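Read the figures in this text as sums done on the coordinates, not as results from a lab. The structure presented is a predicted model; accordingly, all values stated were derived computationally and were not measured. Quick reminder, even Gly has a Cβ in these numbers, built from the backbone with ideal geometry, and neighbours come from all protein chains shown.
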Amino acid sequence: ITNRTFTMIKPDGVENGHIGGILEKITSAGFKIVAMKYTQLSKRDAEAFYAVHSERPFFGELVEFMTRGPIVAAILEKDNAVEDFRALIGATNPAEAAEGTIRKLYATSIGENAVHGSDSDENAAIEGAFHFSGREIF
Ligand code: CMP
């Protein structure tokens, strides 16, 4: 399914009151929300979701951060979804993110960067399936 991507509003985005602002940016940019939930990752969930980063020095910090409060998880649909969504969120480090991007507007640091966006069609499918069953996707 190449027209979908997966996103999370991370704990910092939720804590700082940006759920509405971020969803507004997403829908205004032409993404359709086909699945969405308010949830919290367990330590086990976060370690599995970020397994690709398990050898990185920031892995422990990343798991701690991603589990410290609720997140909004969603599957988004649009032509060229993965690439267009990564352009909308901006660089991982908000200091390097372009004007008008979600991270420029709402992220506070490279670790606490407000949103996740899948980096490939393959990962979008894997990450979407991690959070949603078929019956939760519309
Ligand atoms: P994201 O690209 O969504 O997924 C991997 C996450 O690891 C990234 O967002 C950041 O939240 C986090 N991350 C990446 N680099 C660093 C870093 N240097 N220090 C702390 N966290 C990081």
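Write down Rg/Rh for the stretch 4-136, rounded to two decimals, with Rg from the C-alpha atoms and Rh from the Kirkwood relation over Cα pairs.
Here the Rg-to-Rh quotient is 0.93.
Determine the calculated [θ] at 222 nm for the chain from helices alone, applying -39500 (n - 2.57) to every DSSP H run no shorter than 4 residues and normalising by the residue count; nearest 500 deg cm²/dmol.
Taking each H run of at least 4 residues, the total per residue is -10500 deg cm²/dmol.
Magnitude of the Cβ-charge dipole of the stretch 4-136, K/R +1 and D/E -1, about the Cα centre, nearest 20 debye?
In total the dipole reaches around 340 debye.
For a footprinting-style exposure proxy, rank Tyr50, Tyr106, Tyr38 by other Cβ within 10 Å, fewest first.
Result, fewest neighbours first: Tyr38, Tyr50, Tyr106.
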